[in-house]
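This report refers to the structure that appears directly beneath it.
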Protein chains: 2
Amino acid sequence: MAMSQVVNTYPLSNYSFGTKEPKLEKDTSVADRLARMKINYMKEGMRTSVEGILLVQEHNHPHILLLQIGNTFCKLPGGRLKPGENEADGLKRKLTSKLGGNSAALVPDWTVGECVATWWRPNFETMMYPYCPPHITKPKECKRLYIVHLSEKEYFAVPKNLKLLAVPLFELYDNVQRYGPVISTIPQQLSRFHFNMISS
Amino acid sequence: MAMSQVVNTYPLSNYSFGTKEPKLEKDTSVADRLARMKINYMKEGMRTSVEGILLVQEHNHPHILLLQIGNTFCKLPGGRLKPGENEADGLKRKLTSKLGGNSAALVPDWTVGECVATWWRPNFETMMYPYCPPHITKPKECKRLYIVHLSEKEYFAVPKNLKLLAVPLFELYDNVQRYGPVISTIPQQLSRFHFNMISS
C-alpha cells in the first residue's frame with residue numbers, strides 16, 4: 001500500500017498574471033459545438049481531450065485555477081488532442097495556448113502529474129459519465145483530467161476575453177449547479193492527495 | 001506521466017457467498033453514534049477509519065460490493081482503526097470481521113491497493129467533507145477509502161443480519177439521495193483506473 005501522494009501548493013501571491021490576445025470559443029452555442037463534434041468524429045473518430053488541474057493555496061486551503069468565460073461559465077484549461085498525440089504533450093500544448101506568455105521564456109515549465117478522472121461522452125449530447133455506460137461500444141469523447149504541478153513561481157498570460165480565477169475546493173464541493181458535474185467533484189478526486197502547503 | 005492503473009475485475013458468479021453470525025451495529029441511532037464518537041475522541045483523539053472498495057463485474061460493467069442494513073442503508077465494509085494501527089492491517093482485520101469465513105482457510109487473501117478518497121468529519125455531526133475545512137484544526141474523524149483487489153475466486157461469509165449487494169457504478173453515480181455523498185461519488189474516484197474485465 002502506497003502512502004499518500006504529495007502535491008506541493010504555493011501561495012496564489014507567488015504567481016503573476018498578465019494578459020494576451022483573446023482566445024475566442026470555436027462555437028457560439030451548444031448546438032454548434034455538438035454539430036462540430038459530429039463532423040470531427042466522422043473524420044477522426046473518438047475525440048480525446050485533456051484538462052489540467054492547476055493548484056495554488058490561500059489560507060492553507062487548496063484552490064484550483066479556472067478560466068471564466070462571460071459571467072458564469074467556468075472551465076479547466078485544456079482541450080482536444082490531435083490524432084495520435086500523446087496526452088501529456090497535448091495537455092502542455094493546450095496549457096501554453098491558454099495560459100503561456102507569447103515568448104518561450106514566458107511559458108511555464110508544465111509538469112503533468114497524476115490522472116485524477118476520466119469522463120465519457122456516449123452520444124453527441126452534453127451528458128458525460130465517469131464510466132463508459134454499458135452497451136456503448138462507440139463513445140464519442142473521452143476526457144481525462146490531470147494534476148499539473150506548478151513551480152514555486154510562474155507567470156500566466158490570460159487571454160483578454162477570459163478571467164482566471166482561483167476557486168477554493170470548499171466552493172466547488174457539492175456545487176454542481178454552478179460548476180457542472182466534472183468540476184464540482186474535483187475535491188473528491190483530489191482528497192486522496194496530501195497537500196503540502198508552502199507559505200511563499 | 002503514468003499510464004492508467006489497471007484493476008482486474010472478475011464475474012460476480014466467480015464468488016461464492018455463505019452466512020455467519022450477525023454483526024450488530026454498535027449504535028441504534030445517529031445520536032448514540034455521535035455520542036459514542038465523542039467519548040472515544042476524548043480517550044483516543046481523532047478517529048481514523050478505513051473502508052474497502054471490492055470490485056466485481058457483470059455485463060462488463062464494474063460493480064461494488066456493499067453491505068445493506070435493513071432495507072435502505074448501505075455501507076462499505078470497513079471500520080475504525082485501533083490506536084496506532086496501520087491502515088492496511090486495520091482494513092484487512094475489518095474486512096475479515098465483516099466478510100471472512102470462521103476458519104483461517106475461509107478468509108480471503110485481501111490485497112489492499114490504492115487509496116481513492118479521504119473524508120474528514122470536522123465536528124461531532126454527520127457531515128463529512130473531502131478536505132479538512134479551513135479553520136478546523138482538530139477534525140474528529142478521517143476516513144480513507146481503499147481499493148481491495150480480489151482474487152479470481154473467493155468465498156465471503158455475510159453476517160446474517162446484513163445483505164451483500166453488487167451495485168453497478170451507473171446505479172451509484174449521481175445518486176446521493178440513496179447512497180450518500182461518500183458512496184455516490186466512488187464512480188468519479190474510480191474513473192482514472194482501467195478496468196480489465198475478465199470473463200471467468
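The values are calculated or read from the model by the stated rules, or taken from the named source; none is laboratory data. The structure displayed is predicted, hence computed values, not measured ones. Because the Cβ atoms are built from the backbone with ideal geometry, glycine has one as well, and the counts that use them run over all protein chains shown. We work out accessible area using only protein heavy atoms, side chains counted, and drop any ligands, DNA or RNA first. Shrake-Rupley method; radii C 1.70, N 1.55, O 1.52, S 1.80 Å.
Taken over the stretch B:115-130, residues that are open to solvent by 40 Å² or more (accessible area, probe 1.4 Å) and more than 7 Å from chain A (Cβ to nearest Cβ) amount to 6.
Please verify whether residue B:28 is farther than 18 Å from residue B:158 by Cβ and touching a Gly at 6+ places or on another chain (Cβ under 9 Å), treating the condition exactly as stated. Quick ask: steps written out before the conclusion?
Numbers: farther than 18 Å from residue B:158 by Cβ: yes; touching a Gly at 6+ places or on another chain (Cβ under 9 Å): no.
So residue B:28 does not fit the description; no.
Within the stretch A:131-147, residues that are at the interface with chain B (Cβ under 9 Å from one of its Cβ atoms) and crowded, with 16+ Cβ neighbours inside 10 Å reach partners that are polar (S, T, N, Q) and part of a loop (DSSP other than H, G, I, E, B) with beta carbons closer than 7 Å, at six or more positions or on different chains, in the pairs A:131/B:191. Flag: residue B:93 matches the condition of being at pLDDT 95 or above and over 30 Å from residue A:172 (Cβ atoms). When the test is whether a residue is of a type outside the set (S, T, N, Q) and more than 30 Å from residue A:115 (Cβ to Cβ), residue B:64 does not pass it.
Being charged (D, E, K, R), touching a strand residue (DSSP E or B) at 6+ places or on another chain (Cβ under 6 Å) and closer than 25 Å to residue A:133 by Cβ is a property that residue B:51 lacks. Among the conditions (1) under 28 Å from residue B:33 (Cα atoms); (2) of a type in the set (Gly, Ala, Ser); (3) surrounded by fewer than 16 Cβ atoms within 10 Å (Cβ to Cβ), residue B:157 misses just one, which is (3). On the given criteria, is residue B:151 away from chain A (no Cβ under 11 Å), at positive phi and assigned to a loop (DSSP other than H, G, I, E, B)? So residue B:151 fails the test. For the stretch A:160-200, a residue qualifies if it is at the interface with chain B (Cβ under 10 Å from one of its Cβ atoms), part of a helix (DSSP H, G or I) and open to solvent by 40 Å² or more (accessible area, probe 1.4 Å), and the qualifying residues are A:170, A:176, A:181. Residues that are closer than 20 Å to residue A:37 by Cβ and polar (S, T, N, Q) within the stretch A:69-99 comprise just one, A:97. Somewhere in the stretch B:88-107, is a residue closer than 23 Å to residue B:65 by Cα, in contact (Cβ under 8 Å) with a residue 12 or more places away in the chain, more than 11 Å from every other protein chain (Cβ to nearest Cβ) and open to solvent by 50 Å² or more (accessible area, probe 1.4 Å)? So far as the stretch B:88-107 goes, yes, one or more of its residues are closer than 23 Å to residue B:65 by Cα, in contact (Cβ under 8 Å) with a residue 12 or more places away in the chain, more than 11 Å from every other protein chain (Cβ to nearest Cβ) and open to solvent by 50 Å² or more (accessible area, probe 1.4 Å).
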